[in-house]
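A quick write-up on the structure given underneath.
The values are calculated or read from the model by the stated rules, or taken from the named source; none is laboratory data. Keep in mind it's a predicted model, so treat the numbers as computed, not measured. A quick note on method: Cβ atoms are made from the backbone with ideal geometry, for glycine too, and the neighbour counts reach across all protein chains shown. Side chains included, ligands, DNA and RNA excluded: accessible areas come from the protein's heavy atoms. Shrake-Rupley method; radii C 1.70, N 1.55, O 1.52, S 1.80 Å.
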Amino acid sequence: MFLELKTNKLSSIKKIPSYPPVPVSVYRQILKSFLDDCSACSNKNLQQKEVIISSVVPDITPLIVESLRDFCTRKPVFVNHKLTGGLSSSLKKKKGIGADRIANAAGGYFTFNEPVAVIDCGTASTVTVVGKGADILGGAILPGIGLMQKALSMGTAKLPDISVKKPNRFLGRDTVSAMTTGIIHGTAGAVKHIINGIESELGYELRIILTGGFAKTLSPVLKLHHFLKPNLIFEGMRVIYLKRKA
C-alpha cells in the first residue's frame, strides 16, 4: 500500500505493507507520522483537502477510511469503473477492472494522449491497454515477480527464499541465479510476447509504459522500447481527481 501527498509540484511517497491488516489506530499513527514528515503540508491544511483512493484490497479499505477521519473532514473519492478521468471502456464487465489498472490507464493515456499499454509490475504483473479514442480495451494478468518467487520457495522442497534482482546472465550457474533468470527473463519474455500479440490484433503500435514496484528490475531486460514511470498510478489518480473537479 502506498501513500502520496502532493502539494504544487512536491510529492512525498510512503510504502506500507497491506498484509497483515492492523487496527485503525495503527493506520492513524502511520498517517500522522507521514503528514508530520511532509514539510510542504500540515495537518491543519489537510482538513480542507480531499483524498482520492485507489484500492484493490477491500478488507483494508474501510480501515483506511476510518483512520482518515482525524485528518480530513471530507469523504474520500474512490477510483472505480464510473470514475475513470474521462476514459471510456468497451469491456462487457466494466466493474471487473481493478481501480489500480484504471488509475494506471488514466495516467498513461493522458501523459502521452495516444494509445498505451501500461505494464504494472506489482503483486500481479498486469498489462492494461488504452486504445484509440481513450477506450480501455482490456489486457492481461499474470503472476507478479514476487508471487513467482514465493511460489517457488513455498511450493517446492529445496528451492530457497531469494531476493529477486536483475540477473547478470540468462544461464543460471546455481540454484539462486537459475531462479532469478527464470523469474525475471520469464516475465520479460511473457510481457513482450503479450504486447506483440496485442499490437498485431489491434493493427497499430502502442506506447509502452513500465510501472510498479518491480519496474526498475524488469526494465533493463525488457526487449521493448518503453518508458519507465514507477509511480504512474499516482499521476493517474491526480488526473482522475482533477477531471472530476472540472
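Structural remarks
- In region 73-164, Rg over Rh equals 1.12, where Rg is the alpha-carbon radius of gyration and Rh the Kirkwood radius from pairwise Cα distances.
- For region 137-201, carbon and sulfur atoms together expose 58% of the accessible surface, with a 1.4 angstrom probe and every protein chain in place.
- 3J(HN,Hα) along region 119-128: 9, 9, 9, x, 4, 10, 8, 10, 10, 10 Hz, from the Karplus curve 6.51 cos²θ - 1.76 cosθ + 1.60 with θ = phi - 60°, whole Hz, x for Gly and Pro.
- Overall, the chain carries a charge dipole of about 340 debye about its Cα centre when +1 sits on the Cβ of Lys and Arg and -1 on the Cβ of Asp and Glu, all other atoms neutral.
- Helical mean residue ellipticity (222 nm; -39500 (n - 2.57) per DSSP H run of 4+; nearest 500) of the chain: -12000 deg cm²/dmol
- Histogrammed with a bin width of 10 Å, the alpha carbon distances of the chain distribute as 7, 28, 32, 23, 9, 1 percent, first bin at zero.
- Cα gyration tensor shape for region 111-246, rounded if a/c is under 1.5, else prolate or oblate: prolate
- Count Lys and Arg as plus one, Asp and Glu as minus one, and take only other residues whose Cβ is under 12 Å from that of Val191; the net charge is then +1.
- Relative contact order for region 38-162: 17 percent, from Cα pairs under 8 Å spaced at least 6 residues apart, divided by residue count.
- Each Cα pair under 8 Å and six or more residues apart adds its sequence gap; the mean of these over the residue count of the chain is a relative contact order of 17 percent.
- Per-residue ³J(HN,Hα) for region 188-205, Karplus 6.51 cos²θ - 1.76 cosθ + 1.60, θ = phi - 60°, Hz, x for Gly and Pro: 4, x, 5, 5, 4, 4, 5, 4, 4, x, 5, 4, 5, 5, 6, x, 8, 7
- Remark: the His193-Gln29 segment gains 54.6 nm on full extension, using 0.36 nm per residue and subtracting the alpha carbon distance.
- For the chain: accessible area per residue (Å², 1.4 Å): 55
- Helix 232-245 axis, angle to the chain major axis (alpha carbon atoms, nearest 10°): 40
- Lysine pair count for region 65-186 [Cα-Cα under 17 Å; pairs on different chains or 8 or more apart]: 7
- Spin-label model, Lys165 to Leu242: label points 7 Å out along the Cα-to-beta-carbon direction sit 3.8 nm apart.
- Rounded to the nearest 0.05, the FRET efficiency derived from the C-beta distance between His225 and Leu147 at R0 = 35 Å is 0.85.
- In region 120-246, the DSSP beta bridges split such that about 75 percent are antiparallel, to the nearest 5.
- Derived scalar couplings ³J(HN,Hα) [region 103-113; Karplus, 6.51 cos²θ - 1.76 cosθ + 1.60; whole Hz; x for Gly, Pro]: 5, 4, 4, 5, x, x, 5, 7, 6, 10, 6
- Amide H contacts of Arg207 (H built 1.01 Å from N, under 5 Å, at least 5 apart or other chain): Val116, Ala117
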